[in-house]
Structure formats: C-alpha cells, structure tokens
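Working notes, beginning with the structure itself.
The values are calculated or read from the model by the stated rules, or taken from the named source; none is laboratory data. Just so we're clear, the structure is a prediction, and the values are computed from it rather than from any experiment. Quick reminder, even Gly has a Cβ in these numbers, built from the backbone with ideal geometry, and neighbours come from all protein chains shown. The accessibility values were calculated without ligands, DNA or RNA, using every heavy atom of the protein model including side chains. Shrake-Rupley method; radii C 1.70, N 1.55, O 1.52, S 1.80 Å.
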Amino acid sequence: MPQTRSATTPLNPFAIAQAQIDEAARLLDLEPALAALLREPRRELVVHFPVRMDDGSTRVLTGFRVQFNTARGPAKGGIRFHPDETIDTVRALAAWMTWKTAVVDLPLGGGKGGVIVDPRKLSKRELERVSRGYIDAVGGILGPDEDVPAPDVYTDPQVMAWMLDEFERLRGSHAAGMITGKPIALGGSAGRGDATARGAAIVAREAAARYGVTLGKGRAAIQGFGNAGAHMARLAESLLGMRVIAVSDTHGAVAREQGLDVEALLEHKRDTGSVKGFAGAKAIAPDELFALDVELLCPSALENAITAEIAATIKAPLVAELANGPTVPEADRLLYEKGIHVLPDILANAGGVTVSYFEWVQNRSGDVWTEDEVHARLDRRLTSAFQRVAETAEERRLALRTSAYLVAMGRVAEAERLRGRV
Ligand code: NAD
C-alpha cells in the first residue's frame, strides 16, 4: 500500500526504528536474546512536573528521557520541546542516536528527551522555568558519565545553559560535561553551529568521489531551511562548490536554475520568517523540489518527508539525509532499486553529535580546541565512518542504510557480549 503523509495514518517512528533494528539483527545473524535486547530501550523515565507561569498559574507538564542503549558509553542525545512530542518519537530518536554514535565509533550510547510543550507560546522566563523544571525532574539519571543531553527541536544553547546551571545547583559542583551544545562561554565547542551540515557535506563529498558523481559546479536542492538546511546551503556552495537551486520551508518552496543567492535568502528569512516570497526566485510546489534535476538532494526538515510517491520522482543520484528518518521504508526500497545512493541519517547527520562528543571531551580534559582543529577532526571521523559503511555495503551488496545499521549494531552487540549481558 502506498505510504502517505495523511495525518490520519501517521507512521509510528518507533515501529520504523524497530523494523530497521530487526532487519539488521537478521543480517548480523544475532542470537535471539541479543536481538531482543537491542530492540528495546534500556531505561525510560516519564515525568510530570509543575511550572509556574507568568500569570501566577501553575501548569503540569509531561517530559520524557529515554536511555536506549549505554553499552558503549553514557547515553547521548538531544532534548526536544514540542507540543506533539510522544514517548514513541523519543524512543525512536533515542534508538537512532545509539546507532549514530556507534557508526561514527564514538564511545557513547544513545538517548533522547522531550517535553510536551509549545515553546513558541512561552515567555523567556517561562521557557527558563520549563528548562529548570525538566532538569529537576530527570536530573537524577543525567551526568557526564551517565547521560549527556544536547539541543534538539526548539531547544538551543540558552536552554542548555539554564539546564547546566540547574544541574550544577542541584549537585553543588561544576559538571560542564553533563550537557553539550552550550554557549562557548560555558564550555561549548567551536564549530558546533554548522557541525551537522558540515558532516553531511563531508559524507556527500566522499560518496560523490566513490560513486563517480561530480558535485563541483553541480546543483543541490534542500528541503528545510532551519539549522541543518540553511547551513547545508552555505556549505554546499563553500565546501562542495555547488549551486543551490531550490530550498523550502513550512511556508513554501523557491527555485532558481542559475543558483539562489544563499546569503540574500538567509537575510530574507531573517526579515520575513520564511524563504517564501524571495525575490529573484520562482515559487514552486513543495513536492516539486524533490523531482528537480540535481546532483544532491538534502531532506533537512522532518520525518517521513520522502514517501513512495515522492521517491518515484527523485532524479538526484545522491540523497543526503540531514533530517532524522526522512525516508519511509517503502521509498527507501524504491530509491535503492533506482540506483540512488541514500546517505542515511545515522551517518549523514552524525556531524552534530560528533562535535557534541568533542565538546564533552574538551570539558572533561579542560582543553579548548580551535575551530580548525574541530573541522579537521570531524572530517577524519566522518570520512572513515563513511568508508567503513561503503566497504560493508559493497562486500555484502547492501544499501548504505542497511550497511550503516550493520556496522553500528555490530559494534553495540559486541559491547553487550563483552559485558556478558547476554
Ligand atoms: P529547524 O527547526 O531549525 O529547521 C527545520 C526546517 O524545516 C525549518 O526551516 C522548517 O520550516 C522546515 N520544515 C518543516 N516542515 C517542512 C515541510 N513539510 N516542508 C519543508 N520544510 C519544512 O530544525 P533543524 O535543527 O534544522 O533539524 C532539521 C532536521 O535535522 C530534524 O529532523 C532534526 O532531527 C535533524 N537533525 C538536526 C541536527 C542539528 O544539529 N540541528 C542534528 C541531527 C539531525
């Protein structure tokens, strides 16, 4: 049955995450107990906490923290503030973090957190109280050696700063490594801002070289123009030498065959809140962006953007998944059959968590690295991660996603076995 984006038939992200795990467990021929262990979260915490609002009333919010797997190190993963947050979304994202840290070979596990709240409807003081309230509620299971959160949808360095302060207040000592994505003044790392996009650009560069796609002077199309997508637009130009011919956001999509002026587009977005209405580009339908004749397509918005119907229209030889879970499984199969190389989310967007890891290392060692040093280390890590995944894909004749899961889950499985947990 064709997959649709209809609100009445949402794809449960955790069901998708578990199906991916089951497939990799089968290919790895994992013993049944280990396969059963790897498909479930190790620990989940659901909390309800009070938040005093500016008008004097008190709201009780629900939050989650899921530590999916910690066999290779402390859980690592962001905290989302979103009105539609669900435990299943958090579980799925925590699972993806586990494979993401493992595929890049970071000594970390995977986790994720969330609060059901719409931060756009909060004052700054209320946002601070939500951030502190969440840490009061879940802080007992966090820590530099236990579980290290980071920013995600609708949370930012300021939220991380409040969370750090609350955690340190409760502990009575400094603990900069308990959270990453902090402002530089509180121990944040250089190079965190564009790390996710930079990682995707590095992986795209390596994939293009391996699969004979010429990116220099080529065209890129980018769905989503937020943190990941906007930085990707810049780096597609500066690092890959491409021209960005189309971008979109929730309000609309714009295209220009000769290439968009990315800096002017960023300014337009700063002024109007959207890419829509940008002069010097024509408006296109959002789904049209996927069907453009480009060398690189970058879904950088939300889950389930590429359905089977959309996959059928894609012409790009390379798709770099900056978003988490943007391709539904049926679309994934279709793209593989069409010979399109999908650079899977757990590898293509692992630049963010890699620089988060660098931040944690710097905090724990008391060292401070320059931006150039961060960029060079990121490049080495992601280049070797891509090569390992590509080699496995070629040896076993698999899609890159399946291969990335095999590499990542193989590492987590080995850690579980060595610990004697199965
Ligand atoms: P963001 O909120 O900054 O940006 C999201 C963008 O997508 C916005 O421009 C929004 O308008 C657009 N968008 C939403 N729905 C859309 C639709 N249907 N069509 C077109 N555009 C749409 O978020 P972000 O931090 O850039 O994250 C984007 C994706 O990348 C998410 O899946 C996130 O999990 C993933 N990701 C981000 C990071 C990071 O470091 N920011 C790291 C890893 C993965």
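Observations on the model:
- The single residue among 118, 145 that is under 21 Å from residue 94 (Cβ atoms), surrounded by fewer than 16 Cβ atoms within 10 Å (Cβ to Cβ) and out of contact with any helix residue (DSSP H, G or I) (no Cβ under 8 Å at 6 or more places or on another chain) turns out to be 145.
- Within the stretch 29-48, tally of residues that are surrounded by fewer than 17 Cβ atoms within 10 Å (Cβ to Cβ) and in contact with a Leu (Cβ under 8 Å, 6 or more places away or on another chain): 1
- Listed by first and then second residue, the pairs linking a residue in the stretch 302-314 that is under 18 Å from residue 345 (Cα atoms) and among the acidic types (Asp, Glu) to a residue that is open to solvent by less than 60 Å² (accessible area, probe 1.4 Å) and within 11 Å of the ligand (Cβ to nearest atom), with Cβ atoms under 8 Å apart and 6 or more places separating them unless they lie on different chains, are 303/13; 303/323; 303/324; 303/325; 303/326.
- Given (1) surrounded by fewer than 23 Cβ atoms within 10 Å (Cβ to Cβ); (2) within 13 Å of the ligand (Cβ to nearest atom), index of the condition residue 256 fails: (2)
- Test: residue in the stretch 334-346 that is at pLDDT below 95, in contact with a Pro (Cβ under 9 Å, 6 or more places away or on another chain) and more than 23 Å from residue 149 (Cα to Cα): no
- Residue within the stretch 398-405 that is surrounded by 15 or more Cβ atoms within 10 Å (Cβ to Cβ), basic (Lys, Arg) and touching an Asp or Glu at 6+ places or on another chain (Cβ under 8 Å) present: yes
- Of the helices (runs of 4 or more DSSP H) that lie entirely inside the stretch 316-389, those containing 1 or more residues that are within 28 Å of residue 79 (Cβ to Cβ) and within 13 Å of the chain's Cα centre (by Cα) span 345-348, 351-365.
- For first residues located in the stretch 404-422 and charged (D, E, K, R), partners that are at pLDDT 95 or above and lie 6+ apart or on another chain with Cβ distances below 6 Å form the pairs 411/102; 416/71.
- So residue 391, is it open to solvent by 40 Å² or more (accessible area, probe 1.4 Å), more than 14 Å from the ligand (Cβ to nearest atom), acidic (Asp, Glu) and closer than 23 Å to residue 208 by Cα: yes
- Top-ranked residue in the stretch 228-252 [being open to solvent by less than 20 Å² (accessible area, probe 1.4 Å) and more than 22 Å from the chain's Cα centre (by Cα); ranked as farthest from the ligand (Cβ to nearest atom)]: 242
- Filter pass, residue 311 being touching a strand residue (DSSP E or B) at 6+ places or on another chain (Cβ under 6 Å) and buried (at least 20 other Cβ atoms within 10 Å of the Cβ): no
- Among (1) buried (at least 24 other Cβ atoms within 10 Å of the Cβ); (2) in a helix (DSSP H, G or I); (3) of a type in the set (D, E, K, R), the one test that residue 129 misses: (1)
- Members of the stretch 286-308 that are surrounded by 24 or more Cβ atoms within 10 Å (Cβ to Cβ), part of a loop (DSSP other than H, G, I, E, B) and of a type in the set (Val, Ile, Thr): 294
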